[in-house]
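A.B. asks: Structure below; questions to follow.
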Amino acid sequence: MFFDNLSEIEKISGQTGTSVFVLPKNVDFEIKGALYFKPEEKASITIEQMRKMMAMLTTKQFKSCFVIIRPADLLGLDAENAILKILEEPNENVHFLLITDDPSKLLPTILSRAAVYVWRGVLTPVGEISADEKVKDIAKRLLVAQPDKLVDLVEEIASKKEGVRAYTLEVLAVTIEMAYKSYFITGKPVFLAKIPKLISAYENIFHNGHIKLHLVADLI
């Protein structure tokens, strides 16, 4: 979903538990009284910072609290997993805002629990996708695959002899990134419509679901 004015962010985020806002790094906004978390001593947002946040949220009573994490794509893996646990058991009075210029860099399991809003003034994120060329080729085909071609493509993905689950998750993550960037570039809603299905497949396979079953059933 798109929004036009930065002044809308507080109202939009107040209507949901977790929001991802896509903004360029050089664009600032402020919510009075919000808790802000950004990289401090290290280049990433650490699990220690997330533990500090959790302690603050559990020791205080809030009528309405906004937690702003920026840039959210600099959350370390441990920090992402920590905040994921919070998002799984949301407090209706706490609103999380994850600010990034590229939502595809966030874990699909986080995106599946968030509403994504794109500022119309955002620069189109067309940077190079960092992945093996074969992975990118399969991801590109998966993104546009019609139902009658999907089964053959799933068989190709699942035919990898070693590390098939990790490989499948990598393919899905790259496909999600391609879907976001394709939507930003073309404005065609067909790419946006594919993202929830791709995230669902990623999440189910991540939690040890049957690879072929979810690649087919979740993506049709």
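The values are calculated or read from the model by the stated rules, or taken from the named source; none is laboratory data. Quick caveat, the model's predicted, so the values are computed rather than measured. Positions of Cβ are backbone-derived with ideal geometry, glycine not excepted, and every protein chain shown enters the neighbour counts. Just the protein is used for accessible areas: all its heavy atoms, side chains included, with ligands, DNA and RNA removed. Shrake-Rupley method; radii C 1.70, N 1.55, O 1.52, S 1.80 Å.
A.B. asks: Can you work out the accessible area per residue across the chain, with the rest of the protein chains kept in place, probe 1.4 Å, in square angstrom? It would help to have the intermediate numbers written out before the result.
C.D. replies: On the way: 11940 Å² over 220 residues.
Result: 54 Å² of accessible area for each residue.
A.B. asks: Taking amide H positions as placed 1.01 Å from N in the peptide plane, with prolines and chain starts having none, which residues 5 or more places from Phe66, or on another chain, fall under 5 Å of its amide H?
C.D. replies: Leu35, His95
A.B. asks: Can you work out ³J(HN,Hα) from phi for every residue in the stretch 209-220, in order, using Karplus 6.51 cos²θ - 1.76 cosθ + 1.60 and θ = phi - 60°, giving whole Hz and x for Gly and Pro?
C.D. replies: x, 5, 4, 5, 4, 6, 4, 7, 5, 7, 9, 6
A.B. asks: Ok, one more. Given the chain reduced to its alpha-carbon atoms as identical point scatterers, what log10 I(q)/I(0) does the Debye formula return at q = 0.10, 0.18 Å⁻¹?
C.D. replies: Log10 of I(q)/I(0), two decimals: -0.47, -1.33.
A.B. asks: How large is the helix-only mean residue ellipticity at 222 nm for the chain, computed as the sum of -39500 (n - 2.57) over DSSP H runs with n ≥ 4, divided by its residue count, in deg cm²/dmol to the nearest 500?
C.D. replies: Working: 9 runs with 106 residues, N = 220.
Rounded to the nearest 500, it is -15000 deg cm²/dmol.
A.B. asks: For Lys11, Lys134, give the ranking by accessible area with the largest first, probe 1.4 Å.
C.D. replies: Values: Lys11 150, Lys134 125 Å².
The residues order as Lys11, Lys134, largest area first.
A.B. asks: Right, next: In a Debye calculation with equal point scatterers on the alpha-carbon sites of the stretch 1-58 and no solvent, what is log10 I(q)/I(0) at q = 0.20, 0.21, 0.28 Å⁻¹?
C.D. replies: So the normalised log intensities work out to -1.00, -1.07, -1.30.
A.B. asks: Here's something else I'd like to know. Quick one: dipole size for the chain, taken about the Cα centre, charges +1 on Lys/Arg Cβ and -1 on Asp/Glu Cβ, in debye to the nearest 20.
C.D. replies: Working: 27 positive and 29 negative charges, 49 e Å.
Dipole about the Cα centre, nearest 20: 240 debye.
A.B. asks: Under 5 Å between amide H atoms, partner at least 5 residues away or on a different chain: which partners does Thr18 have, H built in plane at 1.01 Å?
C.D. replies: Hits under the 5 Å cutoff: Phe96, Ala115.
A.B. asks: Further question on the same structure: What would the Debye formula give as log10 I(q)/I(0) at q = 0.23 Å⁻¹ for the alpha-carbon point model of the stretch 104-203, no solvent?
C.D. replies: Normalising to I(0) and taking log10 leaves -1.38.
A.B. asks: Here is a further query. If DNA, RNA and ligands are ignored and the probe is 1.4 Å, what is the ranking of His207, His95 by accessible area, most exposed first? Intermediate values should be presented prior to the final figure.
C.D. replies: Numbers: His207 115, His95 15 Å².
From most accessible down to least: His207, His95.
A.B. asks: Run the accessible area of the chain with a 1.4 Å probe and give the carbon-and-sulfur part as a rounded percent.
C.D. replies: Numbers: 6240 of 11940 Å².
In the chain, the share of accessible area belonging to carbon and sulfur is 52 percent.
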